Amino acid sequence: MRIGRQTKTALGALVCATWLAIVDVQAAHAAAAGAEDSQAGAAAADATPPDDRTPNIEAPPSEAELTGRPRYNQGVAALADGDSETAATAFLAARDTAGADATLRFSAAYNLGLALAEQADAATEEPETALERLREAAAWFSDAVRLGDAGDEDARVNLEIVMRRILELTDSLGQRDLAARLDRIIDDQRGLRDQTRRLLVKVAEAGADAEPVAFERDFTASAERERSLLAEATAIAELGAEERAAVEAKGEDAEQQERLRAAQLAGLDHHLEQARQSMSDTRRWLRRLDGNRAHRRADAALAELKRAREQLTDPITVLRGILRDQLGIGNHTAPLAARSTLDANAPPPPAWLTAEHLADRQDNAAVRVGEMLARFEGAQSAETEEADEQTRRTLRAAEEATPLLDASLTAMNAAREALGDGNWTGAMPRQFEAIDQLNRAIERFAGLRELIEFAYADQSRLVAWLTPNAEDGGGERPTGDALAEAGRIISRDNLDRLTRLEPLLVEELSPAPAANAAPPDEAQREQQQAQLEAAEKLRADAVAAIERSRALLPDGAARVDADAARAALEELRRLFFTIVEHLQELLAAQTDTHDATAAGFSLGPDDLPAALGAAATNQAEHAGMADALANALARQADAQPPVPGQTQQEAPAGPDLATATAETRKAAGRMQTASVELTAAAAAAGSMSPVLEPILEDQQAAMTHIENALRALQPPQQNDGGDSEQSESGGQQQPQPEQLSERQARQRLQAIRDRDAERQRDREAAEGTREPVEKDW
C-alpha cells in the first residue's frame, strides 16, 4: 500500500506521500518541553496509520518568524483546508529557503506539485489554465524525483499521472496541432540535453567520471524526464499516423493538398521513429550513469526531432536551411581548392578540414534535398478545380521546383564523390551548380515579401560592387568583365522577379473576399487601391532603373541607376515590412545558433574551432539584424506620437513599440557580446578548452529579450464587450501561456538547483562545521 492515498482528484489517484511533519526547530523544542504536548503528539501518532504520514501542524508563527519549515507547515495547513493557492505560495517559499535541508527541499517540491495539481482540478471552467498548472506540477514532481530516495516511487507515479492528464487535456482542447507540439517537445528535449551537459560538468569537477555514483539521483531524474518526453513523442507519432491513415483511406478521392500532407506525415513518422529510438537510448544510458553516451544520444534525438518538425515546415524555409549549409560547405572547400592550385607556401588548412568531414556534410545536404523531392513527388502536383488559388500556386511551385531540385541533388552527389577523392577543384563547380539550382528552386515558392527580399539583397550587393571602397561581405569583389557578367546575371534575375511580383501585388492589395465575409467598404477599397498604385509605381521605377544600369555595365556610371533601383526596392520592403515576422525568424535563427554553440561540449579539438567560428559568424549576423529591427521599431514609435491629453489608460490597446524597441536593443547587445566571445573562443579552441557557459547565457538572454519584444508587439486580444465567445474564437492570440509558464518553471528550477549546488560546495569547504538538524517526525 502506498503512503497516504486518502486524497483523490480528477487527475486520478495522486499519491499524497511525503506529507511529513516538518516542524521548525524552535517549535520542536517547545513541544519537547511539555510532557502533555509529547503525550498528545504520541497519541496523534498512534491514531495515524503507519502508511499514512499525516503532518503535525503547529500554530503558524508570525510572518517575521517564518523560515523554511514553518512556511512548509503553513502550506500543509492550507492544503488540508483546500486552499491550494496559499499552499503553493508557502511550499514555493519553503523550497526557496530550504538551504541544506534535503528532506524539506524534497517535501516542498512534492507538495507544491500536489497543490498545483489541485489548482488544475479546480479550473474545470478554464481548461487552458488547468493545462498550465498541470505542466507546472509536472516540473515540480520531476524535481521531487531528482531529490527523493531511490526507492521512493510516489513522485515518479504522480509525474506519470500528471503527464497522462496533460495529454488527455491537450486532446480534449483540440490541440492536435502537430507543429506546436513538436515545437514544445523540441524545447523540452533541448532543456534535457543542456541539463545533461551541466551534469557532466559537475561530475568532472568532482573527479567522479569513472564512478559517478554520488550523482545517481540526478541521472535518475533526467532519465525519468526523458521517459515523459518519450511518451509525448509517441503520442505525436500516433496523432500523425491517425491523420495519415485518414488520408490514405480516401484513396484516389483524396485531394492534392491532402496527398501533400500525407507525404509530409510519412517523413515526420520516419524521423520521429529515429528520435524515439535515440530518446530510449538516452534514458538507458542515463540509468547506467553513462553521461557521455547519454549526452550524444540526447543530442541526436534533438536533431531528429528538428528534422521531424522540418517535415511540417513550408518548403521555402526548409530549402533556405539546406542552402545555408551548402554555402558553408562551399566556403570550406574554396581554400582547399585554392591551395591545390597555388604555390606550396600557402597557409595549410586547419586540421579538422578534411575530405571525409566535408564529404559527410555534403552527403547530409544531399539527403535533405532527396527528402524534399519525395515530398514534392508525393504531392502529385496536377491542379484540381476544387483547390483554392493558394493551393494551386503551391502545387505549381512544387512541380516547377522538382527538376531544379533534381539537378541540385545530382550536382551534390557529384561533389560528394569529388570530395571523397580529395578533388577540391572538381568539387567546387558542382557545389556552385547545386547552390544555383537550390536558389532557383527556392524562388518557385517565394511570395511577395520573399521576392522583394531576394531582389533587394542582390541589388544591394551589385551597388556595393559598383561603389568604390564599399564594404561587401559577399566574398571577393568582381571587376572588369567579371563584374559585367555578374551584374547582368543579377539584373536578369531581378527583372524576372519583378515581373513575377506584379500579379502578387494585385493579389496582396486587392484580395478576393473570403467566404461568408463582408466585402470591404469604400474607405478600405480606396486604401487598398492607393497602396496598390504606390507599390506598382515603385516596381516600375525599379524595373526602369535596372534596365538603365544593365546597359551601362561595367562602367561606374551604372552605379547611379543601380542605386536608384535599390532605393525603390527598399521602399517596397518598407511597404510590406512585417517586423513581427522578422523577429520570429531572428528568434528561430538565434535558437539554432545556441544549439550549435552548445554542441561544442561534445566536439573534439579538431572540430571545435570550425564549429565555433561558424557560430560566431552567424551570431554577428543576428546582432546586426537585431540592431536593424530595433532601429525600425524606433522609427515606427517616433511616427506614432501619443495623443495630447490622452492618458496611458485611455490609449487604445495595441503594440507597445517602446517596450519592443528596448527589448530588441537589449537582445542586440547580448548577441553582440556573444559574437565577440565566440570569436575569442574559436581562436583559443585549438590550444585549450573554451568556456562556453557565459556565451550560452548571453544567447539565452537574447532569446528571452526577443520573446519579450514579440509579446509587446502581439498583446492579447481584450474582450471589451463581455462576449467570451468572440474572444475565444478570434484566433489571434499569439502568446501561449502554457508554453511560457513551462519555460519559466524550468528557469526557476534551474536557479534553485544552482543555489543548491553552491550551498553544497560551501558545505564541503566548511568541512564539518555543519550543525545537526533536529528531526521531529
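Rank by packing, highest mean first: peptides 658-667, 104-113, with packing defined as the count of other Cβ atoms within 10 Å averaged across residues.
Taking the mean over residues of other Cβ atoms within 10 Å, the ranking is 104-113, 658-667.
Once each part is reduced to its C-alpha centroid, what is the distance from the range 226-251 to the range 93-131 in angstrom?
31 Å
Shape verdict for the range 213-295, please, from the Cα gyration tensor: rounded (a/c under 1.5), prolate (a/b greater than b/c) or oblate.
prolate
Take each of the peptides 153-166, 582-595, 551-564, average the number of other beta-carbon atoms within 10 Å over its residues, and list them starting from the highest.
Top to bottom by mean Cβ count within 10 Å: 153-166, 582-595, 551-564.
Ranked highest first by the average count of other Cβ atoms within 10 Å around their residues, in what order do 326-339, 297-310 fall?
Highest mean packing first, the order is 297-310, 326-339.
We did not get these values from a lab; they are worked out from the coordinates using the rules stated. Since we're looking at a predicted model, the values are computed, not measured. Don't worry about glycine lacking a Cβ; one is built from the backbone with ideal geometry, like all the others, and counts go over all protein chains shown.
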